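Let me begin by presenting the structure, written as C-alpha cells, before commenting on it.
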Amino acid sequence: MRILSGIQPSGQLHIGNYFGMMGPMIRNMERGELYAFIVNLHALTSVQDRERLSRDTLEAAADFLALGLDPDRCIFWVQSDVPEVTELAWVLSTVTPMGLLERCHSYKDKVAKGIAPSHGLFAYPVLMAADILLYQAHLVPVGKDQKQHVEVTRDIAIKFNNTFGETFVVPGEAIDDSVATVPGLDGQKMSKSYGNTIPIFTGAKELKKRVMAIVTDSKPVEESKDPDTCNLYNIYKLFAPAARLREVRDLYVNGGAMYGKIKLELVDILWEYFREAREKREQLVQDPGYLKDILRQGAEKARAKAAPTLQLVRERVGIVY
Ligand code: ADP
Ligand code: TRP
C-alpha cells in the first residue's frame, strides 16, 4: 500500500498538524510505502515572501525529521523538485468541472480570512489531486479539514479513468476520528491562519504564554463541569497519562478542577513530550546542507516514481506524437 501526505511550509508546526497528519504519517512507516513531502507550490497561494518560504521549507523538513520520519524508510522531498506534478495538474484541470471546485469550503474559508482569491488558490485542489495521483497513492492521512480535497481527488481520478481509460488508483483518506480536529486556544479548529495555535517547537516562555491563553469558562472551582465541552480538557487529554486524566476528569465532574493548575501541568507535559524532538530539531536546523541533501535524494526517488505515471497520462490523452 502506498501512503502519501504533504504539509505546507507556511508557518510554525502546531499540535493540530501533529495529531492530524504528521504523527499518523510517521507511524505509517511501518504500514506501507510512505511518501511524505513539503508542498511549497501550494504554500505560494498564501506566502508571497521569498525568504520566508525558502526558510520555512527547510524548517518543515527539520520538523518532520525531528519528530521521527526516517528518510531511509520513506520518500521525502519538496514538491517543486518534481516538476512533473505541474504538468499533471494542468491535464487534470481540463477534466475538473468548475462546480467541483466552487463547492470547496477551504477556498471560501481562506478568502473569508483575507487571502487573495487568485486562480492558484481556486485551483489548489487540482494541484493536490496531481500530488496524490502522480504517485498512485492508496491512502492519504490528513486532518478532517482536508477530507473534501481528497474527495475532489477521487472525483477527478474517476472522471479521468472514465474518459481516457483506467489510469489512476482511486485514493481514500485516513482520518483518525479521535484527533480529526484538534481545537485551538479559542475552541475553533487549531490553525496557523487563526492565530490560535500551540506550536510544537517554540521557547518555554512562549509555550507557557500560549497554554495560559487557552479560553475557559468562569465557573467557580467547586462547581461540576462537563470535561467534554471544555477546550482545555480536550487539549489536555491528548497528552496526559491515562491515570492522571481519570483524576482530572473526576475533578471536572465532581468539582475541584482548577484551570490555572491544569494549564501549568499541561505546559510541563508538553515541554517533556516534545523534548527529544526539540533537541533533535535544534541540531538539524544548524545543518542546512544535510537537510538539502536528504531532500534532493528524496526528489530523485520521487521523480523516478512519477515518471511512468506521467508518461502513461501523456499517452492516454494524446500529448505524444
Ligand atoms: P493550518 O490549518 O494550521 O494551516 P495545514 O493546512 O498546513 O494547517 O494542515 C496540515 C495538516 O495538518 C493537514 O493534514 C491538516 O488536515 C492537519 N491539521 C491542521 N490543523 C489541524 C487540527 N486543528 N486538527 C487536526 N488536524 C489538523
Ligand atoms: N492541502 C494540504 C493542507 O493544506 C496539503 C497538501 C498538498 C496535501 N498536497 C497534498 C496533503 C497531498 C495530502 C496529500 O494541509
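The values are calculated or read from the model by the stated rules, or taken from the named source; none is laboratory data. Computed from a predicted model, the values in this text were never measured in an experiment. Methodologically, a virtual Cβ is constructed for each residue, glycine included, from the backbone with ideal geometry; neighbour enumeration extends over all protein chains shown. Each accessible area value is taken on the protein alone, full model and side chains, heavy atoms only, with ligands, DNA and RNA left out. Shrake-Rupley method; radii C 1.70, N 1.55, O 1.52, S 1.80 Å.
Counting protein heavy atoms only, region 204-273 has 57 percent of its accessible area on carbon and sulfur, 1.4 angstrom probe.
Distances between placed amide hydrogens fall under 5 Å for His14 paired with Ile200, all partners being 5 or more residues away or on another chain.
Only loop residues by DSSP count here, and only those with at most 13 other Cβ atoms within 10 Å; note down the GluC sites (Glu not before Pro) in region 113-182 that meet that. Don't skip to the end; give the middle numbers.
Values: sites: Glu151, Glu166, Glu173; in loops: Glu166.
Loop-located and lightly packed - Glu166.
Could you work out which residue, out of Thr163, Thr197, Thr86, moves most in a Gaussian network model of the chain, that is, has the largest mean-square fluctuation with Cα springs under 10 Å? In the Gaussian network model the winner is Thr163.
Each stretch of four or more DSSP H residues adds -39500 (n - 2.57); spread over every residue of the chain, this sum gives -16000 deg cm²/dmol at 222 nm. Among the trypsin sites (Lys or Arg not before Pro) in region 1-39, those placed in a DSSP loop whose Cβ has at most 13 other Cβ atoms within 10 Å are Arg31.
Which residue fluctuates most in the GNM of the chain (Cα springs below 10 Å): Ile132, Ile156, Ile115? Taking springs between Cα atoms under 10 Å, the residue moving most is Ile115.
For region 1-22 and region 282-296, what is the centre-to-centre distance using only Cα atoms, to the nearest Å? Region 1-22 and region 282-296 have Cα centres separated by 19 Å. Of the trypsin sites (Lys or Arg not before Pro) found in region 45-122, those in coil by DSSP whose Cβ has at most 15 other Cβ atoms within 10 Å are Arg103, Lys113. Calculated FRET efficiency, Lys261 and Val317, Cβ-Cβ r, R0 56 Å, to nearest 0.05? Efficiency for this residue pair is about 0.35.
Given Cβ point charges of +1 (Lys, Arg) and -1 (Asp, Glu) and nothing else, what value in debye, to the nearest 20, does the dipole of region 204-273 about its Cα centre take? Please list the in-between numbers first.
Numbers: 12 positive and 11 negative charges, 52 e Å.
Dipole magnitude for region 204-273 comes out near 240 debye.
Annotation: extensible slack from Val221 through Ala242 equals 5.3 nm (criterion: 0.36 nm per residue apart, minus Cα-Cα distance).
Taken one residue at a time, the phi angles of region 9-22 give Karplus couplings (6.51, -1.76, 1.60, θ = phi - 60°) of x, 10, x, 5, 4, 10, 5, x, 4, 5, 6, x, 9, 5 Hz. Gly and Pro are set to x.
So what's the angle, to the nearest 10 degrees on a 0 to 90 scale, between helix 147-164 and the longest Cα principal axis of the chain? With both axes taken from Cα atoms, the answer is about 10 degrees. The angle between the Cα long axis of helix 259-273 and the longest principal axis of the Cα atoms of the chain comes to about 50 degrees, rounded to the nearest 10. From the square roots a ≥ b ≥ c of the eigenvalues of the alpha-carbon gyration tensor of region 204-273, which class results: rounded (a/c under 1.5), prolate (a/b over b/c), or oblate? Oblate, since a/c reaches 1.5 and b/c is not below a/b.
Per residue, how large is the accessible surface of the chain? Use a 1.4 angstrom probe and give square angstrom.
Details: 15290 Å² over 321 residues.
Heavy-atom SASA per residue in the chain reads 48 Å².
Each residue of region 37-47 is assigned a 3J(HN,Hα), and the resulting list reads 8, 10, 8, 6, 5, 5, 5, 4, 6, 10, 10 Hz, derived from the Karplus form 6.51 cos²θ - 1.76 cosθ + 1.60 (θ = phi - 60°), x at Gly and Pro. What residue among His119, His138, His42 shows peak mean-square fluctuation when the chain is described by a Gaussian network model with Cα springs under 10 Å? Checking each option, the largest mean-square fluctuation is seen for His119. Once the Cα atoms are used to define both axes, helix 288-317 deviates from the longest principal axis of the chain by about 50 degrees. Peptide packing: for 93-100, 33-40, the average count of neighbouring Cβ atoms within 10 Å per residue gives the ranking 33-40, 93-100, highest mean first.
Could you give the length gained by full extension between Glu282 and Arg55, i.e. 0.36 nm per residue of separation minus their alpha carbon distance, to one decimal place?
Working: separation 227, 0.36 × 227 = 81.72 nm, distance 1.46 nm.
Here the answer is 80.3 nm.
Dipole size in debye (nearest 20) for the chain around its Cα centre, Lys and Arg Cβ +1, Asp and Glu Cβ -1? Don't jump to the answer; show the numbers that get you there.
Details: 40 positive and 41 negative charges, 59 e Å.
In total the dipole reaches around 280 debye.
Here each label is just a point 7 Å from Cα along the line to Cβ, and for Arg27 and Lys159 those points are 3.4 nm apart.
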